[in-house]
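Colleague: Provided herewith is a single structure, encoded as structure tokens, for subsequent inquiry.
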Amino acid sequence: MKNIILLVSAILFSTLFYKQDIGLNMSLFSIITIVILSFFNPKTFKNKSTIVLTVTYVVTAVAIFFYNSTLSILANGFAFFTLVGHVSQRNSSIYVNWLNGLYSFVAGIFHRAFLASESNKESKLKKQIDYIHLIKIIGIPMVVIIVFSLLYKNGNPFFNELISKIDFSFINLQWLLLTVLGFFLFYNISNPIQVNPATELDLNTSNNLEKSHKFSIDALKKENQLAIISITLLNFLIVVFLVTDITYLATNNDIIAANLSNQVHNGINALIVSIVIAIIIILYFFRGNLNFYEQNSKLKIATYCWIILNIILVINTVIKDSQYIYYFGFTYKRIGVLVYLLLAFIGLLTTAIKVFKIKNLWFLFRVNSLTAYALLIISCVVNWDGLITKYNLYHAKSNDFEYLISLSNNNTFLLKEYTEKNQLSQKNQILVDEKHHDFVKQLNNNTWQEMQFDNFKISQYK
């Protein structure tokens, strides 16, 4: 029964993807994947966390149907490996889920074969099945039949005519290979496996920092003094930087594109370096027994001040980037700046929690990797090309129309709608018409496997 389900799934896999682009087939593939995982691992799918990851996987597949963007495809891949890895061990961290999911996907069948060869029972079972004899009784008769058919073909015109009518052109080798690949894939994920010792290490490592029994009070006192002096000086330095930067923004009324661009990019570069160094320094000083030192209150206060000042630096850079966007519109780089600033803000908050609740480095890895994954899933459901186009056309003080045309087809209908209501230069009008024509032609040529949401909108914009 299980092999029949895998075989049917493999045939569906090749039907969905053989010579097809990405579209509706990814949503259908996600459903097949979930059916197989739940059929072979029913107990795991009674868990709430598994259900949540299943929903996020479906959401990414639906996002591909709506937008078919690189981001949605990337998110779908991560969601797939996360779900498969979670089924192998639902208590492991999300980055271990990625590892287990990828390993199961690539090497599941080989891993299980290796384990089987190590088992005496499996070895005995294999000995009972004479594979060489099985190959002989199938292969040798087939070879004999083919050879004698060729001989008889030359000796009998009627037999020659009969053999010539046999047509094997219906057999598609590529389709068969894709079906085998689908069977291999589904067999691998039907019973996901764990990568050890990585999974065991993760399960046996808590988020809390443990106090070492071997330490020197005098050494802790000296390290505490060093940390207070270092972080206090850094606090002073960042205050001076913020005061001068805010003063410049408040007193400079003339916004020049080049200057604002340099400020944003240089500010981001400084922010990247400063936050990375800040977190490294905090992790260094709070790596061990200094967390439990009774006289570390001043150090903690200085650390919290430094984190707050870095958050203010993040907010300051957000303001600069927002000004840039207000005047010159959205681009992917400017959106990327905002995403990085959000991740930096979250990283600073989790670092503060690490210091306050005496957590270890594993805590930061787990929380921040889960946060990054959640942000990836959320971002994939947004039509970024449509968002950029709408804002730049209707709200930005100025925009680069050629940049909008260079974006993916997710903004094609928006551009066409805009050109019907507004006068454009002849060059831009031609570019929009060409883009719209090519996209409509592509949609009309889509097979049912390649269908996407825009297929249902063609009639509105022909």
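Colleague: Counting only residues that are in contact (Cβ under 8 Å) with a residue 40 or more places away in the chain and more than 29 Å from A270 (Cα to Cα), give me the helices (runs of 4 or more DSSP H) lying completely in the range 311-428 with at least 2 of them.
Modeller: In the range 311-428, the matching helices (runs of 4 or more DSSP H) lie at 412-421.
Colleague: Something else: Any idea how many residues of the range 180-224 are among the polar types (S, T, N, Q), under 20 Å from F80 (Cα atoms) and assigned to a helix (DSSP H, G or I)?
Modeller: 3
Colleague: Sticking with this structure for a sec: Which residues, taken from the range 385-400, are buried (at least 18 other Cβ atoms within 10 Å of the Cβ), over 26 Å from the mean Cα position of the chain (by Cα) and either among the acidic types (D, E) or at pLDDT below 90 (or both)?
Modeller: Within the range 385-400, N399 is the sole residue that qualifies.
Colleague: Another one. Got a sec? Which helices (runs of 4 or more DSSP H) wholly within the range 1-90 have at least 1 residues that are surrounded by fewer than 18 Cβ atoms within 10 Å (Cβ to Cβ) and under 16 Å from the mean Cα position of the chain (by Cα)?
Modeller: Passing ranges, in order: 48-67, 70-88.
Colleague: Starting from the range 279-308, keep only residues that are outside the structural domain of T232 (by TED's automatic domain parsing) and closer than 13 Å to T232 by Cα, then list their pairs with residues that are charged (D, E, K, R) and buried (at least 19 other Cβ atoms within 10 Å of the Cβ) whose Cβ atoms are within a distance under 9 Å, requiring at least 6 positions of separation or different chains.
Modeller: That search, which allows pairs on different chains as well, returns nothing.
Colleague: OK, next. Evaluate the following for G101: is it in a helix (DSSP H, G or I), modelled with pLDDT of 75 or more, closer than 24 Å to V8 by Cα and small (G, A, S)?
Modeller: In short, yes.
Colleague: Among the listed residues I307, I255, identify the single one that is modelled with pLDDT of 80 or more and either within 31 Å of the chain's Cα centre (by Cα) or of a type outside the set (S, T, Y) (or both).
Modeller: Step by step, each of I307, I255 is checked, and only I307 is modelled with pLDDT of 80 or more and either within 31 Å of the chain's Cα centre (by Cα) or of a type outside the set (S, T, Y) (or both).
Colleague: Of all residues in the range 352-384 being of a type in the set (D, E, K, R) and surrounded by 18 or more Cβ atoms within 10 Å (Cβ to Cβ), which is nearest to the chain's Cα centre (by Cα)?
Modeller: Across the range 352-384, the extreme among qualifying residues is R366.
Colleague: Additional query: Filter the range 258-281 for residues that are modelled with pLDDT of 80 or more and in contact with a Ser or Thr (Cβ under 6 Å, 6 or more places away or on another chain) and give the result.
Modeller: Correct list: I279 only.
The values are calculated or read from the model by the stated rules, or taken from the named source; none is laboratory data. Source: prediction; values computed, not measured. No Cβ is skipped: glycine too gets one built from the backbone with ideal geometry, and neighbour counts run over all protein chains shown.
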